[in-house]
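Readers should treat all values here as calculations from the given coordinates under stated rules, not as data from a laboratory. These figures come from a predicted structure and were not determined experimentally. For neighbour counting, all protein chains shown are included, and Cβ atoms are generated from backbone atoms with ideal geometry for every residue, glycine included.
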Amino acid sequence: MIRELEFQVLSQRHCDEIHRYALGLLGNQADAEDATQEVLLRLWNHLPRLNLFNIRAWLFQTTRNYCLDQIRRRSHAVSPNNAGADSDEILEEWPDDLAVDPSFAADSSLQLEQARHALLKLPETLRSVFVLYEVNGLRYREIAATLGMPVNTVKVNLLRARQKLSKVINKEESWTRNCKS
């Protein structure tokens, strides 16, 4: 009874965070839902042995490990040219409430697409740090505990991720501007 209540509270509290992190790593809604279910199943199985003070770090580490396994399996089954084919859903769930006119909506859609592709181009370590910090709102120490790296490495990886994202997005914007003219 206590285990069930504990699981219910933890799963309700962390389910959305797990899903967002998995979605950021996998780039696919269905895969992120599968990852969330798998992590919650592992939580249920390991709950009696877990330290509840480190549960968030354990959940993110478990999510990361599961997602990396899925990425490895996918990379063996899919050619490198098709690796991004399932990535179309990564940012679709965030509605564009600011779209007032069609041209603004088109520009917003283009920016969303650029962000989606740029995020998936990041190396896994940089993507993990970026998603944990920017999407899930973890602090440097929490990310360090989750990924098993020093806090300064987290800061450096976050900076590098931002720089690479900026470079990729700027490159795509200039390419798009050149195509329009």
Per-peptide average of other Cβ atoms within 10 Å, ordering 143-149, 128-134 highest first = 128-134, 143-149
query = In nanometres, what is the gap between the two model label sites at Met1 and Lys121, each 7 Å from Cα along Cα-to-Cβ?
reply = 5.7
request  = Would you mind working out the magnitude of the charge dipole of segment 1-46 relative to its Cα centre, with +1 at each Lys and Arg C-beta and -1 at each Asp and Glu C-beta, to the nearest 20 Debye?
outcome  = 140
task = Just the Kirkwood number for segment 1-56, please: inverse of mean 1/r across all distinct Cα pairs, in Å, one decimal.
result = 11.7
task = Mind ranking 159-167, 118-126 by how tightly packed they are, going by the mean number of other C-beta atoms within 10 angstrom, highest first?
result = 118-126, 159-167
task = Using label points projected 7 Å from each Cα along Cα→Cβ, tell me how many nm separate Glu33 and Leu50, to one decimal.
result = 2.2
